[in-house]
1. From the list B:T205, B:T268, exactly one residue is in contact (Cβ under 8 Å) with a residue 24 or more places away in the chain, touching a Gly at 6+ places or on another chain (Cβ under 8 Å), surrounded by 21 or more Cβ atoms within 10 Å (Cβ to Cβ) and assigned to a helix (DSSP H, G or I). Which is it?
2. What do you reckon, is B:V244 within 14 Å of chain A (Cβ to nearest Cβ) and not in a loop (DSSP other than H, G, I, E, B)?
3. Just wondering, is there one or more residues in segment B:296-309 that are within 14 Å of chain A (Cβ to nearest Cβ), surrounded by fewer than 18 Cβ atoms within 10 Å (Cβ to Cβ) and closer than 30 Å to A:E283 by Cα?
4. Name every residue in segment B:172-202 that is assigned to a strand (DSSP E or B) and of a type in the set (K, R), in order of residue number.
5. Can you list the helices (runs of 4 or more DSSP H) found entirely within segment B:56-141 that contain at least 1 residues being more than 33 Å from the chain's Cα centre (by Cα)?
6. Looking at B:S119, B:S78, can you tell me which residue is at pLDDT below 90 and either within 14 Å of chain A (Cβ to nearest Cβ) or under 19 Å from B:P190 (Cβ atoms) (or both)?
7. Which of (1) surrounded by 19 or more Cβ atoms within 10 Å (Cβ to Cβ); (2) under 18 Å from B:L226 (Cα atoms) is the odd one out, the single condition B:S78 does not satisfy?
8. Just need a number here: residues in segment A:221-275 that are touching a residue at least 40 places away in the same chain (Cβ under 8 Å), farther than 24 Å from A:I329 by Cβ and among the polar types (S, T, N, Q).
Amino acid sequence: MTDITHLPPETGPSLDLRARDIAVAGQWKLFWLKFKKHRIALVSLVVISCMYLIAIFADFIAPFDPNATNARFTYAPPQGISLMLDGSFRPHVSQLKMTLNTESMRREFAPDPQKPVSVGFFVPSNPYNLLGFIPMQTKLFGLTDPKVGDSLYLFGADRLGRDIFSRVVHGAQISLSIGLVGVFLSLILGVTIGGISGFFGGWTDVVIQRFIELLRSIPTIPLWMGLAAAIPVGWPPLRTYFVITLIVSLIGWTSLAREVRGKFLSMRNEDFVTAARLDGMSEIGIIFNHLVPSFMSHIIATLTLAIPSMILAETALSFLGIGLQPPIISWGVLLQEAQNIRAVSQAPWLLFTPAAAIVISVLSLNFLGDGLRDAADPYEALT
Amino acid sequence: MTPEKSMTIENETILKVDDLRTYFPTRTGLFKAVDGVSFDLKRGKTLCVVGESGSGKSVTARSILQIVDKPGRIEGGSILLTRADGSTTDLAKLDARGKEIRGVRGKEIAMIFQEPMSSLSPVHRIGAQIGEGLRIHFGISKKDQRERVLELLRQVEIPRPETAIDRYTFEFSGGMRQRVMIAMALACNPQVLIADEPTTALDVTTQAEILDLIRRLQKSHGMAVLFITHDMGVVAEIADEVLVMYRGKVMERGPVEQIFHAPQDDYTRGLIGSVVKLERKAEVRLTRPDIPADTPPLLDVKNLSMTFPSGLKAVDDVSLIVRPGETLGIVGESGSGKTTMGRCLLRIYEPESGTIDFRRADGSTVDVRTAGSSALKDIRREMRMIFQDPVGSLSPRKTVAQIIAEPLKLAGMKGRTLDDRVAELMQQVGLEPAWRERYPHAFSGGQRQRIGIARAIAVNPRLIIADEATSALDVSLRSQMLDLMMKLQDEMGLSYVFISHDMSVIRYMCDRVAVMYRGKIVEAGDTDQVVNHPAHDYTRALLSAIPNPDPRDRRIHNRFRYDAAAAARPVPANG
């Protein structure tokens, strides 16, 4: 700075507090700042977090054992909770009075306001193990003093008198986790194969890309059906579950692999990667120090957008009766049980409750993924 | 529209901009891109708006046509357009999407943009694109339209207009596309032509052609031209009046003579000063004793060739030497192979033949072209690189300290020593060591380039390849960066291979210079010799096309054209 010092100096990082924060903000902080501006995505994040919390603590949240039957309450309708009783705060439901319609030979239920059944939080229950290892004897909510003839069906009951709410809550465990596990498998396959494809290029790249195109050209439902049909009927439910996740992630990894490959190809010629190479960094070092951090945020966004398709795939398979089978509970299994005209006409809650759970979770995940994708490159606006 | 006619109505104000204010609302407040700008545009005259990046000169031009990018909007002021019949319209009051302003755009005020590659549509024939304005504003018949387009193509000197009219834009070079752009702008005989950095993306010889063309067309059409540029040389060559802008405000306004030879404002004075400074050799280099010609060279390149897989021979039998402590300039236009050559020296690209003998610190020489990977790793510690793009060359995800420390870490330095060394380096290049935890996005272009320099010198190299290291910087920063590089050269005994398209930068800093053209070195020698007494015709053409920042000595009009090239290739690609 010689004879032009009267020029405004090269303005340094400006000094107000916010700018100083931004100046030392790393990629994840910037990511979050940009993500926060996406309102719907933020709301979806809250919704999705709640749903996963519900799935994790399903044993605690579901008031009943999802497999407990009750012949008395076959196809019982949803019961609404009233908060006030005799002028004081006492949440309760009305006991269901069952009459047999002799003409149609159907059971008909009607709430009996004369017989309130009180409902409360943290009610005692049969002993169970939360998360499989914490012994508990309390449920989040339920009947405070259950007697014969009392019931609490928030979303109705099914053919065997099982509580739909409890079943949907338990179904979330399988349905939401199948997305995560599937996506995790896709991540491993996609990043490895995409990375190899982008990094080595040449023939390897051509072979892998053509293979991906081949996979993507196969119609998915028949492919899944074929694979699912190959699962031996005698297998234990848990093993079936894992094979199903494998099947649904079989297609999912291809889009991720392409994303990773594309990023690899575009990043390899960035100047800062060349600079690292000139600094003497090994190729492996470049991949993990520069390339992976650069596309990590993109991968997370892609993964989030992949979860809903996994959830839908599981649902589709189970609905067709070739995915998971009872006694495993998943949203697809629940839908499959609602797969008859009687359920639709007389007990629509069998259909709508699991369907609503699927729609809410898939929509939220999609919005969340959109928000993440928009925030994935936080440097666009800054530079 | 004859010259005689335009003479009679000269000095008549066509566009009067008064107290124009265009603001961009941002999250943190209001960004005043244009803040109270006033000027008059007179028939047949050229007003140059000059300023550094971010000074609001482009937004000023866009405000006139109401095509400011969202969320910017005109907050106040007036833009009074006076037509030939005496009627006036205040463009600032018009609805940006309304019919009235659309009637003005293209018909009364036309604009040419900076980027000839992206401002034309690749899916339409150029005839259709030039004729579009005619169709919209006059609705003339297809046949008349074609006639008019051919006439326009002839005016902008596109060879063989009858065939050119049916070709697509991607079949043309950058200079030709800019001519098409100009033809498009002239289609409706506008009174005002706004040219927003129309030559910035072009090579200097092409730029000279386009400037010449604009000036000739202005004379024959009697247009008023609003010319936006950051290049003071261009201003001196073409302007009648100059408006100097800085951060949205007008710093000075006056005839070109006054701006260059008697500037009133401090900012203008500084701007002119930094331009004039680059017009001669740096003072520190004038007093330095010459490097003896018999010093054993640090780098001795012989017959280097490199062909891209596409078959393009980017480097063709290049030989050069760099002596210790010396700066060798490589100058050439885009596509001359200078960047490829620089990258070959570091084996970023693999040259296919020739030798690159590099003298190691212990006196032994090693051929970089055939060195094994471990030897190459060692050589790359002694031979480093500074990149052109200060944004792309720094990983946005690392802090400044991490970026500078990377080569040191890989050389085995760690802990306290590493931290101290990084702080020392930051100081050495003029950065505050307290900024070490900041990320590159918090720095301006000049500061980022300093970070890049710190990274390059971190491992005490002996040779640095600087590839267009100052091209992305504003002119006032350019000399600062060059001064810094020369200071480091003297402190550390560095040698540079300085690659640039800008002759003034080369002249300021380099001891010797090699001129590249189409992969070959056409001339090499001492900088003074090459600049003042060029031996090769191409060098003469290159030098004479450089705009001279002195309005009393306008040169590019009488420039020397390199015709040997036309004989060597079937179609004239440039110009």
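The values are calculated or read from the model by the stated rules, or taken from the named source; none is laboratory data. Note that this is a predicted model, so its numbers are computed, not measured. Ideal geometry is used to build each Cβ from the backbone, glycine not excepted, and the neighbour counts take in all protein chains shown.
1. Values: B:T268 fails: touching a Gly at 6+ places or on another chain (Cβ under 8 Å).
Every option except B:T205 fails the conditions.
2. Answer is yes for this residue.
3. yes
4. Correct list: empty.
5. Details: elements: B:57-64, B:99-104, B:126-138.
Result: B:99-104, B:126-138.
6. Working: B:S78 fails: either within 14 Å of chain A (Cβ to nearest Cβ) or under 19 Å from B:P190 (Cβ atoms) (or both).
Sole residue among the options that is at pLDDT below 90 and either within 14 Å of chain A (Cβ to nearest Cβ) or under 19 Å from B:P190 (Cβ atoms) (or both): B:S119.
7. (1)
8. Residues in segment A:221-275 being touching a residue at least 40 places away in the same chain (Cβ under 8 Å), farther than 24 Å from A:I329 by Cβ and among the polar types (S, T, N, Q): 2 in total.
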